[in-house]
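Here is the structure we will look at.
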Amino acid sequence: MHLPRCPKLSLCLSPLIASLLLPINIRAQSENQPGTPVNITARDLEARSIQSNWPSYNGDYTGRRYSSLAEITPDNVSQMRVQWVFHARSAGILEVTPVVVGGIMYVTASNDLYAIDARTGSVLWHHSRQITEGLVDDASGHINRGVAVLGNRLYMETDNAHLLCLDARSGNLLWDVAYATGNRNYGATSVPLVVKDKVIVGSSGGDDGVRGFIAAFDPATGKELWRFWTIPAPGEKGSSSWPGDMYMHGGGTTWMPGTYDPELNTIYWGTSNPSPDFEGSVRPGDDLYTDSLLALDPDTGKLRWYFQFTPHDLYDYDSTETPVLIDAVYEGGPRKLIVEANRNGFIYILDRATGKFLSAKQFDPQENWAKGIDDQGRPISAGKVPSAEGARVCPGFAGATNWYSPSYSEKTRLFYFMSLRECTIYLEKVEPFQQGREYYSTGTKRVPDENAQNVLIAYNPLTDTFAWEVPQTGSHHAFTGVMTTATGLLLFGDESNSFEAADAVTGKSLWHFNMGQSPHSSPMSYAIDGKQYFAIAAGNDLFAFGLP
């Protein structure tokens, strides 16, 4: 079912009318759906131990992607087999992380949402919505990375930045809100984050001349509750970077979900690069709050602190990578930490209570845009500036890492992530903003690089050392995240089109399965009646694995 675009930030349909409209290809709840009725509470989402359910994009609020399930171990993982494969016919490349609650898996593919029997892969219901024509850049790929759950309702973003609320039992559309209007270059490629009694969303289009924001909505009605603009308006702190009406086109979008600390009652959300990407004269200064980590009060949307990784970014170094929350003894005392492997080639440790910079360490040996990081966490420029002739900069346009998920293991105390080592030629030319067009000013080109490769890295944040690195063999075109388990497994998609399990202590490969397609997603795990499964998307298929 395709709904018309909302002209304002208001409800397109009343809940009563919407509840009477069934999506295409829907099957009723009575048709032997597995498990118990869906009823995810705010307390469920605050749990730090991920067991049978995987109730949110990262599994829990910490962003660790660490499963407490223990059936599959380093000793028996070699016996793991495909249990089922689900094919999404209407999607392009899947970048979704499935959510599983009570034996039901929820999978997004472009603007479609499927409820699947997580034991068999059979479709229980399907909510269909046409893709939006005329979108710009990333939004035109119609990427959707998943859903959020609260109570018996599901929340998803659409390619044209609508927030949908659907009944988890049937797929009925309950309400539909257009939350990014006034500039047709907006899109949405992310996943909502449910925090207490709010559904929090971001937008995409940071390369396309939009004004970034984070917004919160009432989960029952869709009413907007607050909005934090990442590009300050005239007169606000940081507005000197945005002369004239540049603040309306400054980028800083929020196209990946954040993390949340219930004890501090703070959400942590990353922002993208400024726009135009490569031409900085029209946006002088640091360009707040682009390439930053924002700490916000989820009740009000007020800013508590921020940390900017790449001030006045000229290289498209979005800081939307997952900010992972770790509690540990650090430098002699207990500390609430954030660890983030950033697209700019450095891994950072911050105090998440205060935002204080604690350390940064280079993980990309080719990195050449900065000479280092100073004591305040600010990069020391190496003077590499995009030009009409072109400047070779490392890491390149795709970043030293990207949106695909890292993981932190409580068992090994190591932080794992995939890194791309590749350089790019950056070009620059002043170009005006135009709706319906990208706003890079001007572009990049890849250069032949025999040394380009993806590398799986294990980092010890407590000693600020790298435990090991495992180079990946293949095309270095996979954008794949990692996860860990309580039994000491590390799972990820590799560069040879395979889903792979490794020893989390040593990085030694223990098992792999060739999916025949490049994975552009991050894995997850769930259990039904004590049987553990792993799931990961590759191409337009979703694979589920388990023991025989």
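Each reported figure results from applying straightforward, stated rules to the coordinates on display, with no laboratory input. These figures come from a predicted structure and were not determined experimentally. FYI the Cβ positions are ideal-geometry reconstructions off the backbone, even for glycines, and counts take in every protein chain you see.
Results, tabulated for the structure shown:
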| item | result |
| --- | --- |
| Over 30 Å between alpha carbons, listed pairs LYS508/LYS531; LYS302/LYS371; LYS356/LYS429; LYS196/LYS508; LYS384/LYS508 | LYS302/LYS371; LYS356/LYS429; LYS196/LYS508; LYS384/LYS508 |
| Debye intensity ratio I(q)/I(0), log10, the range 421-529, q values 0.12, 0.20, 0.24 Å⁻¹ (C-alpha model) | -0.60, -1.08, -1.32 |
| Cα-centre dipole for the range 35-120 with unit charges at Cβ (Lys and Arg positive, Asp and Glu negative), debye to 20 | 40 debye |
| Base-10 log of normalised Debye intensity for the range 72-211 (one unit scatterer per alpha-carbon) at q = 0.12, 0.14, 0.20 Å⁻¹ | -0.51, -0.67, -1.17 |
| P(r) of the chain over all Cα-Cα pairs, binned every 10 Å from zero, in whole percent | 4, 20, 31, 28, 14, 3, 0 |
| Computed over the range 102-225: relative contact order in percent, which uses C-alpha pairs under 8 Å that are six or more apart | 19 percent |
| Test item: Cα-centred dipole of the range 305-371, Lys/Arg +1 and Asp/Glu -1 on Cβ, debye | 280 debye |
| Under-5 Å amide H pairs with SER359, H placed in peptide plane, nonlocal only | ILE349 |
| Hull volume in cubic angstrom per residue (convex hull over the Cα atoms of the range 292-439) | 149 Å³ |
| THR487, THR253, THR310 arranged by Cβ crowding within 10 Å, fewest neighbours leading | THR487, THR310, THR253 |
| Distance histogram for the range 295-334 (every C-alpha pair counted, 10 angstrom bins, percent rounded to whole numbers) | 20, 34, 36, 10 |
| Descending semi-axes in whole angstrom, ellipsoid equivalent of the range 203-277, from the Cα gyration tensor | 24, 14, 13 |
| For the range 205-248: relative contact order, % (alpha-carbon pairs under 8 angstrom, 6 or more apart) | 32 percent |
